[in-house]
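Okay, structure first, notes after.
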Amino acid sequence: MAALACAIGLTVKYGSTYRPVVEPVREIEEIWALEDAREESEEPLVTRLFYNGIPMAYDAENNVFYGSLGLENGAQWPEIKLTASEETAKGLSLCFADDYGFDDCDAAIREGYSYQIFAYTDTAYSYAEVVFTGLPLVNVTADQTIEREDVPAQIEIALAAEGLQTNGRIHKRGGASILNDKVGYKLEFTRTTDGKKKIYREIPGMGTDSQVILLPMNALDTTMMRDRLSWALYARLTQRDEPFSARQTQYCELFLNGEYRGVYLMLEPFSVRQEVAKAGEERLTTDSVYRTAVISLSHGRPCMEDPYSAATGFELYYPASRIFRRWRIISRCWARRTTRLSCGGRRRSLIWTARCATMWCCSSSG
């Protein structure tokens, strides 16, 4: 905590968001004396904080602020300046309670350590927690209930010194997975507060786009590694500018309307039609697009069963014009878990193995 104290200056008295007055560091005995002269507030005195001008995500239920510092700092704390929103800053002072449990930035992030903040006015005081994470933070606020249809939202994404605040819209996404407790979402950025007129924004850690997908990595990915690892492996097989190349991904932590929803995988969207157009019409006679699917929900498209999972398989999602006559042969070969296909030898086997890898990737990015 000593190193953190030096980085933050520890105690900040707010006249406004733009002109904080830094006070000397408070010892814990001084904090206790301030408590004795005031009443504990029933409600938190501060629910909106910024670090270096970037909004901190807030878990209202547990009264915890989250700030993203990235993973590049090592043991050294970056320079941090905390400020409050102007409407809550007047007459309010804040300081970190003295705690020397963690001196290193990377240790605090790795352990998820909570630093305690003491907030006080002339008559009242309250406490809050601050957690620093190495992951991007996605904070979404929506007035309407979030379901399958788009609803307007305010979207904030923060990673270290990068921050995005924008209008947007959000909806749930997924098939059978939408019934899980932890569901996926699609975020789109807009120019207006009513969720209309899409616009491209610079997404911290991801580059420029008009939308992102948030994969929940739920019961089918308890390790929280399969999706990320699949895309990382696929990226080694393709070039970035190729048709159907690997999508960018990064882990993030999601907050919806002040509620912490856990770790998600942020994914660059994948448009089959755009990729087919990029590939050229001649590719339509030789290449197809596949995706993993729950067979009972495949809507009549050809599927071959996954030998490792009875309920799921691989769905022919965007077929090439010559592919159907091969489908039954490939399906039988896959079911026998062969490494060499009788219909073309090792070379063709490797081609189809690469296509099967593509199935796994395309399934999560549509």
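Stretching Ala107 away from Ala124 to a fully extended chain increases their span by 2.8 nm, per 0.36 nm per residue minus the current alpha-carbon distance. Of all aspartates and glutamates in the structure, the ones whose alpha carbon falls short of 17 Å from that of Lys172, not counting any fewer than 8 places away in one chain, are Asp143, Glu147, Glu149, Asp150, Asp181, Glu188, Glu253, Glu259, Glu268. Put simply, the C-alpha atoms of the range 101-196 give a gyration tensor, and the ellipsoid matching it has half-axes of 32, 19, 15 Å, longest first. Sorted on the mean count of surrounding Cβ atoms within 10 Å across their residues, most packed first, peptides 193-202, 63-72 read 63-72, 193-202. Within a straight-line Cα-Cα reach of under 12 Å, Lys278 can be paired with the following aspartates and glutamates, leaving aside sequence neighbours fewer than 8 residues apart in one chain: Asp241, Glu242.
Every number in this text was worked out from the coordinates using simple rules, so none of it is lab data. Note that the structure is predicted; figures quoted are calculated from it, not measured. Every residue, glycine as well, gets a Cβ built from its backbone with ideal geometry; the counts of neighbours run over all protein chains shown.
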